[in-house]
Every structure is written in C-alpha cells, then in structure tokens.
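**Student:** The structure follows.
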Amino acid sequence: MIDFTKEDPTKDSSSKKSVEKGGRSIPRLTAHLDTLDQGMEAFMQWLRSENKMSNTSNLITLKEFVHTKYSVLYDNTIGKNVTVETPNGVPFCKSCNADDCGHVGFAILLEQKYETDGSVAE
Ligand SMILES: [Zn+2]
C-alpha cells in the first residue's frame, strides 16, 4: 500500500517557472498595448514626439479628449480607434473591455496632464 497523504506536493517545487503558453505571437516592434505600463510608455513617447498626429512615430495618437468623459485614441498597433471612457476620472477601455490595458494607461496620463497643465497638447 502506498500512503499518498505522505506526499507533500509543495516540497518538490524545483521548477517554479510558470511559462505562459499562448498562441499570441508578438511582432518585435509592435507589441500590443495590453498593460498599463505599455500605455504609459506610449504616452511619454507621444508627448515627446514632434508630430503628435504622426502614426509612424507614435504607438498611440490622440484623436479626441473630453475631460472626465472620454478619450478617443488611435492605436497604431492594431490600426483602430479606441474609446476609453473616463467618467469621474475612472477610466475604462471600451475596446478591450478592461480597466488595465495600455489605452487606459494612456488615458490616465492624459487626464493627469490635463489637470496639471489645463490642456493635453501644447
Ligand atoms: Zn484598451
């Protein structure tokens, strides 16, 4: 007889690496903006860019901004307009159905910039 209760599954955890397997293939230079951090990076890139309407130098460009209501962004990595609603400053991305995607990160910084500077583009 083997007593299975004696086996401690937590003891043998030599391989703790959790490798995420997924069918997603991410092109080298056009990583999809699915984290807040990536969106914030895209925002900083956009903010520094010479031409804020340029899709070649920006991952995201701003199409429309209505403070505390919504932002319309153009996501260059997917080639689509994305609406992030920001009722009372709480952002939610209508495109991703998420509150933690890159577009939300971008919108958060937009709102912050607007509150600090009174505008989103100088
Ligand atoms: Zn999104």
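Coordinate-derived values only; no laboratory data. Note that the coordinates shown come from a computational prediction; the quantities given were computed from them, not determined experimentally. Every residue, glycine among them, receives a Cβ derived from its backbone with ideal geometry; neighbour counts consider all protein chains shown.
**Student:** Which residues' amide hydrogens lie under 5 Å from the amide hydrogen of ILE60, considering only partners 5 or more residues apart or on another chain, with H built in the peptide plane?
**Tutor:** ASN76
**Student:** Tell me whether the stretch 32-117 comes out rounded, prolate or oblate; compute the Cα gyration tensor, take square roots of the eigenvalues as a ≥ b ≥ c, and use a/c under 1.5 as the rounded threshold.
**Tutor:** oblate
**Student:** Can you tally the net charge around ASN97? Count Lys and Arg as +1, Asp and Glu as -1, for every other residue whose Cβ sits under 15 Å from the Cβ of ASN97.
**Tutor:** Result for the neighbourhood of ASN97: -3.
**Student:** How much length would be gained if the chain were fully extended between LEU47 and ALA98, taking 0.36 nm per residue of separation minus their Cα-Cα distance, in nm to one decimal? Walk me through the numbers on the way to the answer.
**Tutor:** Working: separation 51, 0.36 × 51 = 18.36 nm, distance 2.36 nm.
My answer for the length gained is 16.0 nm.
**Student:** Quick one: 3J(HN,Hα) in Hz for the stretch 61-75, Karplus 6.51/-1.76/1.60 with θ = phi - 60°, rounded, Gly and Pro as x.
**Tutor:** Karplus values, whole Hz, x for Gly and Pro: 10, 8, 9, 7, 9, 10, 4, 6, 10, 6, 10, 10, 10, 9, 8.
**Student:** Explain nothing, just the number: relative contact order of the stretch 32-117, from Cα pairs under 8 Å at least 6 residues apart, as a whole percent.
**Tutor:** 30
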